[in-house]
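The values are calculated or read from the model by the stated rules, or taken from the named source; none is laboratory data. Treat the numbers as computed from the prediction; the structure is a model and nothing was measured. So basically every Cβ, Gly included, is an ideal-geometry build from the backbone, and we count neighbours across all protein chains shown. In case anyone asks, the SASA skips ligands and DNA or RNA and just uses the protein heavy atoms, side chains included. Shrake-Rupley method; radii C 1.70, N 1.55, O 1.52, S 1.80 Å.
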Amino acid sequence: MNMTKVFSILALFCCIICSQTTLAQDRVVVEKNGSSFFVHIVEQGQTLYAISKLYQVDVEAIQASNPEVKSGLQIGQTLNIPVPGSYDVKEWTNPIRIENGFYIHRIKRKETLYGISKQYNTDINEILELNGGIELGLQPATEIRLPIRDVEEAATELVEPGPMDGWQAHTVRKGETLYGISKFYDVTPESITDLNGGLKEGLKTDQVILLPIRDELFSKQTEPIDLTVDIKDTLFLKTNYNVVLMLPLYLDQPINKEMNTSTKIDRLRQISMEYYYGTMAALDSLKKQGAHLNVTVLDVHSGTGIETMLQDPAVKSAHLIIGPFQRDPLEKVANYAGRRGIHVVCPVPQSNKVLLRSPNLSKVYPSNDSEIKNMANHVAAKHSGENVILIDSKNIKDARGVQLFKKYYRHALGMANDTLPTPLKTVESSTKFVGELNKQLSKVRRNILVVPAGKQSRSMIANLQTKIQLLDEEEYEVIVFAYDEWLEYDFLDISFKEQIQLSFATSHFIDYDANNVQSFITSYHYEYKQEPSKYSFIGFDVMQYYGSGLIQFGINFPNNFDAVDQSNLLQISFDYTKTGLDSGFENNHVFMLRQRDIQLESLRESNTAISN
């Protein structure tokens, strides 16, 4: 073979390898020392865990074949990935590639959303959010996006049941699903199908199926269970309402006499008390409106015996439950309460995952997705005619925010056709450095920089500060839209935040000039001899809103969220929408703020400002 032909083959081989970093379904296998390996070129944003998932090979096996990776991955680095024994060149292996911070999964015949969600340690809601249109059904060979989670971020999988204590019978009611029944009884869908011959024909109304006994509380239940419960419009107003407030007080743990917040438990105790004080202030306000609310406070945290607590008479007779704060007990309480028509409030920031299959649950804080959507709508409405630039850090943890902004920005401009280019410039960067920003800036139009990047891209954000500060302010006007957490970044100069008029979407906004806010602060200080914290304000607003709902509509208030009186709220507003037919309510109300003259100013009400 002549040298020209050898060179051509090598060049072709290199081209094929480079293409495999994007199109992993046609993987090239090479032989080395009697073993077979895939050749993988490391791309920006990829992690060892993501690569192991892509090739379905253990991280340890990759490290053994590539000892240098233990000191970290380098962009452009070549890895030898052991070919698993199950590899079949005729079949594609999911995920087929990594693209823009997401796994790309090509749907196979008979695959289900539930099965895919388990495979990637995510939930169905998140898959639906990332892939519009698939709620109508999965089509073979369709490619969908799925989130990449490192090991420490992996979602909790359903735990296989231990030794069964026996089984019990359940009569299927109209509208029930296998997933809903499995969640209620705290067992896996597979354990139910195994006990019932595979349920090849699915569930049928009035069918009697066998269930493994996993939860002593529910296995002893004798009253009928309605897994399709919905609050009807025929419910009547009551004279008195019972409210249960579940706070992580940790009364079973020693109390620090110095009352500092050096430990997580002490900090949660302090937050709980501040929240409680705000709730009590709201109860005083509601009492003046004629409300009769009987409030019971229960100590509930991750270490609490939930099953025992759910037997408390106060819980059984509750018309409203606020809390718990932590996700695990919250899901158990919502699961229990939902079968009894009791509404549950999630009063602290949580993922929208808690709303899945919990139609009786409402979440006070809007999701990060909702904040990005509001930001995109605002930029489209106010700045689409200006020089809009999206800064993409290429960090895998920022990828979702980047993709969502593009999506919502397009929709806000009325661009339903996703094949058209997004009408904004993009500067591709890295976690340490901003890309070629200066080439994209305009001297004749305002420059609107959108930077959906968090603390994981700290170095890039600091580099952005340096680049903007070097600009001539008389030639370039720059406004930056980012996350509200940027306010807390001590590596960003206050003068820089002022210069860029740092703008962001946030769930709360306190107008300290408002009469009701000043009145609250005065009475709070008089009663508790301290200034109210943000948790005090939240405690007040949640109790005020839901208490008003009970006064106006009784326990039917979830069907009238949009009509509940909000005139006395202090820092948050409510705009609830259901996240799915059988899921809970998310508050979508978001404030758009900016920092200007050492104050936070509402972009929707420019005459309203608060001290920073």
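Once you reduce segment 308-356 and segment 463-488 to the center of their Cα atoms, the two points are 43 Å from each other.
Using equal-weight Cα scatterers in the Debye expression, the normalised intensity of segment 343-386 in log10 at q = 0.13 Å⁻¹ is -0.41.
Here the accessible area of segment 503-577 is 46 percent carbon and sulfur, with a 1.4 angstrom probe and all protein chains present.
With all protein chains in place and ligands, DNA and RNA left out, the 1.4 Å accessible area ranks 555, 96 as 555, 96, largest first. Of 319, 411, 105, the order by accessible heavy-atom surface (1.4 Å probe, DNA, RNA and ligands excluded), from most exposed downward, is 411, 319, 105. For segment 303-359, carbon and sulfur atoms together expose 53% of the accessible surface, with a 1.4 angstrom probe and every protein chain in place.
Whole-Hz Karplus values for segment 239-245 come out as 7, 10, 10, 9, 10, 10, 10 Hz, taken residue by residue from phi with 6.51 cos²θ - 1.76 cosθ + 1.60 and θ = phi - 60°; glycine and proline positions read x. What Kirkwood hydrodynamic radius do you get for segment 453-612 when you take the inverse of the mean 1/r over all pairs of distinct Cα atoms, in Å? Final number for the Kirkwood radius of segment 453-612 is 18.3 Å.
Accessible surface computed residue by residue for segment 454-612, with neighbouring protein chains in place and a 1.4 Å probe, gives 46 Å² per residue.
Kirkwood analysis of segment 302-439, using all unique Cα-Cα pairs, places the hydrodynamic radius at 18.2 Å.
In segment 341-487, taking the dipole from charged Cβ atoms about the Cα centre, the farthest positive-side position among 454, 442, 341 is held by 341.
Dividing the convex hull volume of the alpha carbon atoms of segment 296-341 by its residue count gives 68 Å³ per residue. Taking amide H positions as modeled 1.01 Å from N, with prolines and chain starts lacking one, the residues under 5 Å from residue 450 and 5 or more places away or on another chain are 389, 390, 391, 481. If a spin label sat at a point 7 angstrom from the Cα of residue 475 along the line to its beta carbon, the backbone N atoms of segment 431-450 nearer than 18 Å would be those of 436-448.
Pairwise alpha-carbon distances in segment 355-430 exceed 22 Å for 32% of all pairs. The value of relative contact order for segment 352-502, using C-alpha pairs under 8 Å at least six residues apart, is 23 percent.
Derived scalar couplings between HN and Hα for segment 350-365 equal 8, 5, 5, 4, 5, 7, 4, 6, 10, x, 9, 10, 10, 10, 5, 8 Hz in order, rounded to whole Hz, by the Karplus curve 6.51 cos²θ - 1.76 cosθ + 1.60 (θ = phi - 60°), x for Gly and Pro. Ranked by solvent-accessible area (1.4 Å probe, protein heavy atoms only, all chains present), the residues 264, 497, 406 order from largest to smallest as 264, 406, 497.
Shown in residue order for segment 451-460 are the 3J(HN,Hα) couplings computed by the Karplus curve 6.51 cos²θ - 1.76 cosθ + 1.60 at θ = phi - 60°: 10, x, 10, x, 4, 5, 10, 3, 5, 5 Hz (x for Gly and Pro). Applying 1/(1 + (r/R0)^6) with r as the Cβ-Cβ distance of residue 195 and residue 59 and R0 = 25 angstrom yields a FRET efficiency of 0.10.
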